[in-house]
Each structure stands twice: as C-alpha cells, then as structure tokens.
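The values are calculated or read from the model by the stated rules, or taken from the named source; none is laboratory data. Everything numeric here is computed off the predicted structure, so don't read it as measured data. FYI the Cβ positions are ideal-geometry reconstructions off the backbone, even for glycines, and counts take in every protein chain you see.
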Amino acid sequence: MGRSGPAPGSRVAMMVEDLAALRRPVRTRITVAAGLQALAAVLAVTPAVVLVEIGRRLLDGSVRSVWGLAWLAVGLLFARFVLYAAASLLSHLADADLAYLLRRRLTGQLGGLPLSWFAGGVSGQVRSVVQDDVATLHHAIAHARADLAAAVAGPAVVVGYLLWVDWPLALVTIALVALAQSIRMRLTVRAADQTQRMAAASTELTAAVLETVRGIAELKAFARHGRAPRFTAAAAEYVDADEQAQRIFLRPRGVARATVSPATVVFVTTALGVALVGAGWSDPVDLVAFALLGVGLFEQLTPIYLAQDLRDSARDAAGRIVKLLGEPPQSAVEPGLARRPGTPLTVELDDVRFSYTDGHPVLAGVSATLAPGTVTALVGPSGAGKSTLAMLVARFADVTGGAIRLGAVDLREIDRDELYRHVGFLLQDSVLLARSIRDNIALAVPAASDEAVHAAARAAAIDERIRALPRGYDSVVGEDAHLSGGEAQRVAIARTLLADTPVILLDEATAFADPDSEAAIQDALAELAVGRTLLVIAHRLYTITDADQILVLDEGRLVERGRHLDLLAAGGRYAALWAAQQDGDPATTRTDPAVTAEAADAAVTAVTAVTDVDGVGGRR
Amino acid sequence: MRGPLHGLVPTTQRAPLVRYLTAISGYAVSEGVAFGVLAPLLTALLRGHTATAARWVIPLAAAAVVGWWAHYYLGSRSLRLSTAWRRDLYTRIGDTLLTLPLGWYDAPGARAVPQLVTADVARVASTVFLAQALLGAILTPATVAVFLFACDWRIGLASLAAIPVVLLALTLGRRLSARAEAAEHAATTEAGARLVEFAGAQPTLRAAGQSAAGRAELDRALATQHRTARRQVIASLPGEYLGELGLQLAFTALLFTGVALATHDQLGPARMIALVVLGISMLRPLDALVGLGAALRGIQSSAARIEGLLTVAPLPEPSPHPGGTGLADGRLAGVGTGLGLGDVGSGLADVGAGLGDVGREAAGIGVELEDVRFAYPDGPEILRGLSLSIPAGRTTALVGASGSGKTTVTRLIARFHDVGAGTVRVGGVDVRDLASGELLRHLAFVFQDVYLFDGTVEDNIRFGNPDATDEQVREAARRARVDAVVARLPDGWASRVGEGGRLLSGGERQRVAIARALCRDAPIVLLDEATASLDPENEAAVHAALAELATARTVLVIAHRLNTVVRADQIAVLADGRVVERGSHAELLARDGHYAAFWRDRDRAAGWRLASAARPDRADRPARAGG
C-alpha cells in the first residue's frame, strides 16, 4: 500500500535545510570542537620550528636561550594535547547525542505513519535507515567539521612556515603534495558514481539476510546445494559492487600514495636541497624543517579527502532519512478538536471509497451500518475488498472518499489511542513482542491483574500451554517461549479479550490459525461476541449463517446484503458462493450430526468419490 | 593476525597472504632505511660537506623506487586479497546458515546475524588494508631505531623511553574500551532487533492503545544504545590520550637529551640535530599505532563473532562419497530393496520393484520412525519413544492436540534436528547416513506458516526446483490455482509478494507453497495443512491440487481438515509423545478411543456458527456437541 513519496528532485534543497535543522542541537558543540581541533593542529608544528631554531643557534655556536626554546616546545605540545583531547571528547559526545536524536525522530515518525505503510514488510528497510544510515550521517555531520578544520589549519601553517624558510624548496614540496591530492580528489568524484550501486547492494544484503533468517525452514527444505540463493546473490553483488568501486581508483591511488610516500618526499626534498645548498642558495638547517614537516603534510590533508567521501555517502544516507521523515504521516486530529465517539457506538460506512496512490480503486462506494452488539460478515472472492474495508475501519489507512463513523464521529476526528480503546482487531498474522507472555497479553492494559490475564488466556484456550512454559507467564517470547503460529494467535486473542474493546474486527482465517484448538477458540470467540459489535471477514460461509448481516462484496462494490436464508433465497452471488463451497468441502456439508461408525463409513465412501472427482478436476 | 582472525583466513588465500605480508614488510623496512640514511646525510650537510651529502642521496633514491614499486603492486594485491576474503566469508556464512540446526534460530544469537553480515565481514576483510598500516607503523620505526642506536645509543635510548609508556597506554586502553565496546555492540544489536520488531508489530502496538507505551521498549533500547555509545567514547579516550601523552614524553626526552648532549659538547650540533630528526621520524608512526591498535581490536571482536557463527556445531554429515549426487538414488534404492523384506505389512510389497528404477520413479520411498525420542534444547521431551511406519505411496495423516509433536515429526524426517534417541529412516536409510542434499532432494514441503521470499510469485514457485522450465512452473501454478491469485495482482506474474509474502493472504501463500511442492516433484511430501484460510471459491480447487500432490507419492500430512483426515490411508494419533492409535478412520472410530473423541470435538467445531450472543446457538445442537 501507498509507499510512494513526493518527487525526489524537489527535495534536494529541502534536504540540505533539513540536515542543517537536524544538526542544530549539537551545532555549538561541534563548532567549538572544530575550533579547538584547528588550534591543536596549528600547535603540532611546534617541534619542527623549535628544533630548527635550536639548530640554527647551536650551529652558530650560541647556546643562548636554547633551553628556553626546548621548554617552550614542550609546553606548547602539552597545550596541544589538552586542546586535542577536549575537541575529541566534545565532538564524539555530540556525535553520539546526534545519532540518538535522529533515531528518536525517525522512530517518532514511524509511529505516526498509517499502518498501511507497514504492509509488505519494511522492517529491513527501517533497520537499515534508522541504524546504518544514521551511523553514516552522524559521523559525517559531527566529525567531518572538526577534522576538516584541523586539515585546513594545520597544513596552512606548515606551508606558510616552509615558504618563509625556503620558498623554492617549499614550492617543490607543495607541488608533490598538490599532485597527489588532486589525483585523490578526482577519484572521489568518480567514486561517487558507484555509491548508488553500493547503497542498493547494501540494502539488498540486509533484506536478504533478514529473509534468510526468517525463512530458514523453507530454505533448509528447498534450497539447492545448501545455499540461500538470495543471500548468495546479494552477498556476491555487494562484494562485486565494492570491488568495482575500489578498482576504479586502484592505480591512480597507487600513484598518489607513491608520490607522497616518505621515501619519495625525503628523496626529492633532500636531493634538491643538497643541490640548492651546494649552489649557495639555501641554508643547510632549512632542510631540517622540510625533513620534519614535508613528510607528514599529505597525511594532514586526508580529512579533506575523507570529508568529501563522507559527504557523498552521507548525502545518500540523508536522502533516505529525509525520505522517511517526509513520508506523509496519517492525519492526526488536533488534541483540542478531537471528539469522542458518541453513543450508541454504531459503525457507519458511508459511501466508503478507497484507491491506492496510483489510482487503482479497491472500494468504490460501500455503505452499511453495524449496529452495536451485532455480527456482520464480509463475504466475497479474493480481491473483492473485504480486507481493505476491515482495515479502513481499523484505520490502517484513511478512506479516499466517503467516511467511516464510529458513534456518529468520523474516525479521522477521533484521537488514535481513543479509537483503539473502542476498536480492536485480529486481522493479520499476529506478532508477539520479545517480552514476557504476560506483558504480551496485557499490552493494552498493563495494569491488569494476574487473574484477569490468566482468565483471558483461559478463554483463549492458551492458559495451559503458557503454564507449561519454563517460566510460565514470565517466559519471554524468543527466549524461552517458542510458540507455534496458532499458539501465538491464541495469545493475540487473549490480548484482544483483555483489551475489551466494544468493536472487534476479525479475519476468520487469522482467528482460526490453529485448528487443533478450534473448538476452544470458538468458545473464546463466542465469549468475545457477547455484547460486542463484530465485523468478520468470513471464508467458511457456514460459520456465519447466523450472522445478523452479511455483506457480499465483489470488485469493491457491495453487491448483496442480508441474512443467510434471505440471500440463499435470492439466488444471487452469495448463493453461488455457498454452492461452490458446499461442493468443495464434503465433510462440512453433512447434515446428519450424529457420528457413528456407519456414518463414518459413508463419509469415507463419499470422500473416495470426491477424490476421483478431484483427480479429474486437477487435470482440467 | 592471531586468534579468531587467523582462523578466518581462507586456506586458498594463505600463500598469497604470506607473500603480500612479506612485500609489505619489505616496503616498511625500506621506508625506515630512507629515514635512517637521512641522519648521515643531514650531518654531512650541516657540517658543510655537501659532496658527502650528495652521495647519500643515492640510497634514498633506491628507497623511493622501492616505494613506487610497492604502491603499484600492493594496491591491486590488497584489493584482490580482501575481496577474495569477503567472498569466502560470505560463502562460508551462507553455507553455515543452512546447516545450522533450526533450533539455533530460536536462540538470541540469531539476532546478531544481520549485523554480522553487513558490518563484521567487511571489517574482517579490511584487515588486509590494516596490515599495511600496522606493519608500517611497527617495522619502519624499528628499522629507524636500528639506525638511531648505531649512530648514538644515548639518543636512541632517550627516544625508546616512549615505547613502554605507549605499550602501557595501549594495554590500558584495550582493557578500558573492550568492555565498553562489547556493551555498545550488544546495545546496537538489541536496538536493531527492537526496531525490526517495532516496524513489524506496528498494528499490534497501536491496537494496544497507549502509543507511548508501545514505544517504551524501543525507546529504552535506543537510550541504552546512546548511553553505551557515550560510555564507549569516554572509555576509549584514556587509551588514546595516554598514547598521545607517551609520545610527547618521548619527544621531550629526545629533545632534552639532545640539547643536553649538545650544550655539554658531548655531541656535535649537526649530528645532534640529525639524530633528533631521526628520533622524531621514528616516533611519528607510533602515533598511528594507537589508533591502529583500536581498529585491530574492533576487527578481532568482529572476527570472534563470525568465528562463533561458523563454529556452531551443525548436524553431523556423513563422510562424503566420491560418487556425488548420482549415488544418492542408487544408495536409497539399494538399501530400500533390502528393506522391503524387513518391514511388516505396511504396503511395501510393491516398493522393492519400484525402487529398482533409478530416480523419482521410485514411487515407493517409505519413512519409518523407530522409538524416537526428542527434546528441543532446554525443553521438555516432546517425543517419547514414537514409532510410526509411513508406507510408500500412501497418505498418512497425523492427528493430535496442539503441542503433541506433529510438526516435530516432520522436522525430524527432514532432519532439521537430530533425534535424541531412536532412528528415522527414509527409504530404509538412517537420515543421519544421508548427506543433507540427498535427503532433501527426495522431500517436498508445504509448511503451515508459509514464508515466501520477497520476489515474484514465479520466483517463489521455482524456488522448489530451480531447473524447472517456465511451462512446468506455470503448470504447477495452475494446478495449485495460483493463476487465480496472479490474475488479481497488479503486475501479474511479475508482482512481488513482499517480505515474507505479506502482500498475499495466508491462503494464497499456502497455494503458492503447494505449487512450489508440485514444481519440486519429490517422492515424499511433508504437508502441514492450513485450515480456514482459503477463500470459498478456490478451496475445492486447492483440495484437488492436494489430492494430485498425493497421487503416487508418500504423503505425511498434519491434517486439520476433517475430510483430509477421513481420506487418509492411515491415521496416526499422537499423544504424550507417542502414537497412541493407528488405523483407518472407520477402524479408529469403532475403537472409540482418542480418535473418536477428537472427531467428536472437531465435528462440533465444524458446525459452529458465529452469531451475536443472544442467539441460543449451541443449544440447538446438543446431539452434535455430545456426540
């Protein structure tokens, strides 16, 4: 369901602004850290300068103030150490805080999206954005600035000093470093072409590994050669993409590194320096400055190069974060304007229309009234819109036309929490949370007494099973509580029972996921039905023959409405569905309720006959 | 390169890796030599002996040439090595994931797998690049130190004073940060898992009402992640800063010693300056060592996590046979023929002949469970001496209460787990004597909680048999009535089914699973039947497909639909971890035992109607309820 966002092009400018806004809470700290780090970088030049000065004086035969200079060097270095430590602490902590802030914002946003957004499985994507992309981004935002400041300030001072000491030699050194730096900056641009592929490969790998872990039973059963094909493919693509990205700048990077390798720099500067000294141009002691400062110059520029790299990957990460933050949240009513559903708590479907964002219509005007305390069944072929209608009542998405009202108030005017105090649902395969069974049942009513929790579990026919767990109700799902799908379903029913909402939406297929306890669940549901408004998506028509109202949907329209016998008599769509089902399921059509050996024999005979018919049917 | 990291190096890469490391070492030493040569060069120059200085430029040139060669050669070499390493790790992890006992996936360890795959593998493979920096940071200063001592032992000693301080700082840093790092990693993993849950359980959480409370667990995990991240920052600082401080002490010692020696005329100023330059050159790479040490520790813990996964004991495989897959059928057939005599009256009379044919025409591969006992790790014993013969080519229905071990039986046959005691034989061969590929080739599954992969419907069907032709896939789809599902999907056959198949209903997923099994065309079908999840119009059709799946195959069905139970050739009733009744529907009803009670209960359920409470629903049918 509608997961498409606005056009990406118009978002880039907004993105930059957004990022600035995201960064604001830690901006001061980052700026201060950058200043401190720049200062520290400047002070790093001290040992070289002092040593050259000491050398100059000693070579001139003067020992005047040599010790003072030595102490000055040590003092400045210590100051550098303090500055550097403070900057590092400040920016790292700002980093961690920013990541936390972003994660909170993102999860807050997730909580506001319509439930339909979560259909189709987005957990891999969510994990990748909230954890990995934030990690990428916070690093780029918080670290890059301080590192960049140091990378600019440090080399600037070094270059200035070298130029002052001996400008021809300085120019040669700068030329070497500039050559290497320009090669690697160009590479960064080329590498940017690969980041899309890398990001896609990384997302796919995350999704593939999640799928492998979750679908492991299927994989074990079916996978050829003991391989998980999607994982294998995703991993191969991930490595290939990375290798290709790296291969592009393999050789240029080698050249750049070699150009500024210590041996090369030392060789070039001393060879030239010796020549210059020989020509009487330079002072020998000047060479000391170059031997000390020339070698490390290139490495000092690395953060500039990395910053570019980080910015590129951060841009993609930011794009995904902003896209998620920009998903239109479900319209929430302003607290002041929220209305409480009135009494009676009638559910009114008023010309309900729904279409996907691509315009594909699912419901084309359905009107019905669900009176309090009645059972309404939704019937129709797959794709008729049954599930969509039920999900709209549970406000997984909002109607695109018409209205749904609860107690005469439009769902959109009811506060979300208020709505779910009145409407409960068992529509999808239920998910248990990784916490204790007790907490799972009491999810909506954390204050519920143990007796109430146990009573709900008993009513859902799961109490005995829970007590058999290692820690009973305190067993934690996924740790020592491993429940089957049907058992999890019964826990969900217990949860719904305990939540005690007056309106309940139910998918029969979901409710009866565990046939072995079907009778017990039926008793639970019968209890659930007492005094409540039920909307049931029905698959087995005989279970709803006593429903107060049956709504027959076909292609998004309400084609018939009425009670079982009336609809049968009408001989329309419902009657056809009924007839089709009776043919298909002989065991449920037997009208004689008495079970005797003779009846069973007869049933076997009937089934044998049906098997033959089925065989023909299969080859049709 | 010790510990878990060493064990992860792929065997085929060992020799290239050693060559690579040797080359790096050579390069690192050459850089040291370049600095070492600088000392006599500078001394000569400062003393005014320019010609002598010029001669020392020649070895410098040689070192520069070595550097160029090394960067050219090492660049491509290191990429190739790290890529090969990553490929190998992914292959091994991919293989391991499928050999792990299913029970492992229920344990908390499974939660770490995504993190392991996305982050840890790349980290471990980056060791190749790290090694270059690390060896450089060690060998280059070591080489310089040799020169330094050769020139003047006092300056050498003064600069070496730093080493113990740096080492101490490294050790201290390791101790402080290791625990914080582990805590941060655990918190990140936990937060990731909570996020997946938060996104996956949104409807449930919202239905619970208090949206704030629904988020509490996630918020707590995120807060813990934040707290541990901050703590890690602080814990890693002393190590880092002490290292810095150590280096500064070293510089101070070096400078002061030099100045003292020079001012006391123990050392000529030219030589003093040259040696202090050498000393500083030696100390500089040590700075990087501190950071590299932290990186290596990170890699080691990544390696430990991967190693931990790779060394989870898989189910033991029989020693491989040289014949490979071709042997499988012969093996099964051969032993199967012998078995045909041994088994008692379970419809195996025709099996011996059937097994004579090679391949899947061996329509008679039966399954026997003999005195099987089984408990999930840390769980109670679920099967307590279960014996069951599942005759070839027939349908056996398993019936029993929830938790009676029905699903466990199918999982043991497929050898997702090994029995605690007793044996499971397929075609007369103990499943533990079959390679997992051999065994699984003869099995097709239809699980109850079908997990579909996030691909197209067609991909999911073909998953049962990658070699199937398009026609076979379509035919299987048609027979399982998947074509009707496809018809309503927006993109037809190309529609994706979503993570886990969530865009399809439960019934539709089951139909895809049946098509998958049909496509697989294996002689044994393990079927965990779904109920009530098929829409009315297709229910009959799916039954037809299931019936077709059952013809000429050995079927073990965990039966939920009464007509499936009735139709089975043999019904086995499970209770207390044993088969308590076995026979046909009529026989078992006549016995009036467990099965008869089950039947009455289910029959009552089948007649149940949902209605608003006031209607005296059940009271209408006392005969049905009472049996």
Next item on the list: Scan the range B:481-507 for residues that are in contact (Cβ under 8 Å) with a residue 24 or more places away in the chain, under 17 Å from residue B:447 (Cβ atoms) and within 10 Å of chain A (Cβ to nearest Cβ) and jot them down.
Entry: B:497, B:499, B:500, B:501, B:504, B:505, B:506, B:507
Check: residue A:399 is checked against (1) under 27 Å from the mean Cα position of the chain (by Cα); (2) buried (at least 21 other Cβ atoms within 10 Å of the Cβ); (3) closer than 29 Å to residue B:217 by Cβ and fails just one. What number does that condition carry?
Finding: (3)
Next item on the list: Taking residue A:61 as the residue in question, decide whether it is in a helix (DSSP H, G or I) and either surrounded by fewer than 21 Cβ atoms within 10 Å (Cβ to Cβ) or touching a residue at least 24 places away in the same chain (Cβ under 8 Å) (or both).
Entry: no
Notebook entry, point to check: Can you name the condition, by its number, that residue A:75 falls short on among (1) modelled with pLDDT under 90; (2) closer than 28 Å to residue B:269 by Cβ; (3) exposed (fewer than 15 other Cβ atoms within 10 Å of the Cβ)?
Noted result: (1)
Next item on the list: Can you tell me which residue among A:526, A:547 is in a loop (DSSP other than H, G, I, E, B) and within 10 Å of chain B (Cβ to nearest Cβ)?
Entry: A:547
Checklist line | Test: residue in the range B:399-409 that is of a type in the set (A, V, I, L, M, F, W, C) and surrounded by fewer than 21 Cβ atoms within 10 Å (Cβ to Cβ) | finding: yes
Check: Out of the residues in the range B:69-98 that are among the charged types (D, E, K, R) and surrounded by fewer than 21 Cβ atoms within 10 Å (Cβ to Cβ), which is nearest to residue A:259 (Cα to Cα)?
Finding: B:77
Margin query: Let me confirm something: among A:109, A:37, A:125, which residue is polar (S, T, N, Q) and surrounded by 21 or more Cβ atoms within 10 Å (Cβ to Cβ)?
Written below: A:37
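Okay, residues lined up against (1) surrounded by fewer than 23 Cβ atoms within 10 Å (Cβ to Cβ); (2) farther than 24 Å from residue A:110 by Cα:
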residue	(1), (2)
B:147	yes, yes
B:154	yes, yes
B:186	yes, no
B:195	no, no
B:231	yes, yes
B:243	no, yes
B:255	no, yes
Item checked: Filtered residues of the range A:465-485 (kept if in contact with a Ser or Thr (Cβ under 8 Å, 6 or more places away or on another chain) and within 11 Å of chain B (Cβ to nearest Cβ)) -> A:465, A:469, A:476, A:477, A:481, A:484
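One line per residue, one yes/no per condition, for (1) in contact (Cβ under 8 Å) with a residue 60 or more places away in the chain; (2) surrounded by fewer than 18 Cβ atoms within 10 Å (Cβ to Cβ); (3) on the phi < 0 side of the Ramachandran plot; (4) not in a helix (DSSP H, G or I):
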| residue | (1), (2), (3), (4) |
| --- | --- |
| B:6 | no, yes, yes, no |
| B:22 | no, yes, yes, no |
| B:31 | yes, no, yes, no |
| B:34 | no, no, yes, no |
| B:38 | yes, no, yes, no |
| B:53 | no, no, yes, no |
Note to self: Just to check your reading of the model, which residue among A:456, A:444, A:488, A:492 is crowded, with 20+ Cβ neighbours inside 10 Å, assigned to a helix (DSSP H, G or I), within 9 Å of another protein chain (Cβ to nearest Cβ) and touching a residue at least 40 places away in the same chain (Cβ under 8 Å)?
What the structure shows: A:492
Checklist line | Those residues of the range B:560-592 which are within 15 Å of residue B:391 (Cβ to Cβ) and among the polar types (S, T, N, Q), in sequence order | finding: B:570, B:584
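Every residue, every condition in (1) modelled with pLDDT under 85; (2) more than 7 Å from every other protein chain (Cβ to nearest Cβ), yes or no:
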site: B:247; (1), (2): yes, yes
site: B:250; (1), (2): yes, yes
site: B:269; (1), (2): no, no
site: B:273; (1), (2): no, no
site: B:277; (1), (2): no, no
site: B:281; (1), (2): no, yes
site: B:286; (1), (2): yes, yes
site: B:294; (1), (2): yes, yes
site: B:300; (1), (2): no, yes
Margin query: Restricting to the range B:81-123, and then to whatever is in contact with a Phe, Trp or Tyr (Cβ under 7 Å, 6 or more places away or on another chain) and closer than 23 Å to residue B:19 by Cβ, can you tell me which residue is nearest to the other protein chains (Cβ to nearest Cβ)?
Written below: B:82
Margin query: Looking only at the range A:406-429, filter to residues that are more than 27 Å from residue A:494 (Cα to Cα) and not in a loop (DSSP other than H, G, I, E, B); which one of those is farthest from the chain's Cα centre (by Cα)?
Written below: A:409
Check: Quick one: how many residues across the range B:257-271 are without any contact (Cβ under 8 Å) to a residue 40 or more places away in the chain and either buried (at least 24 other Cβ atoms within 10 Å of the Cβ) or in a helix (DSSP H, G or I) (or both)?
Finding: 4
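Do we have residue A:411 as modelled with pLDDT of 90 or more and under 30 Å from residue B:483 (Cα atoms) here?
Values: modelled with pLDDT of 90 or more: yes; under 30 Å from residue B:483 (Cα atoms): no.
Judged against the criteria, residue A:411 is not a match.
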Margin query: Scan the range A:90-99 and tell me whether some residue there is at pLDDT 85 or above and either within 15 Å of the chain's Cα centre (by Cα) or not assigned by TED's automatic domain parsing to the domain that holds residue A:148 (or both).
Written below: yes
Note to self: Tally up the residues in the range A:529-544 that are part of a loop (DSSP other than H, G, I, E, B) and at pLDDT 80 or above, please.
What the structure shows: 3
Check: Could you list, in sequence order, the residues of the range B:410-437 that are modelled with pLDDT under 85 and more than 22 Å from the chain's Cα centre (by Cα)?
Finding: B:434
Note to self: Under 6 Å between Cβ atoms, which residue pairs at least 6 apart in sequence (or on different chains) link something in the range B:117-137 that is farther than 26 Å from residue A:237 by Cα with a partner that is modelled with pLDDT under 90?
What the structure shows: B:133/B:292; B:134/B:292; B:137/B:285; B:137/B:288; B:137/B:289; B:137/B:292
Note to self: Is it the case, given these coordinates, that residue A:319 is crowded, with 23+ Cβ neighbours inside 10 Å, more than 10 Å from chain B (Cβ to nearest Cβ) and of a type in the set (Gly, Ala, Ser)?
What the structure shows: no
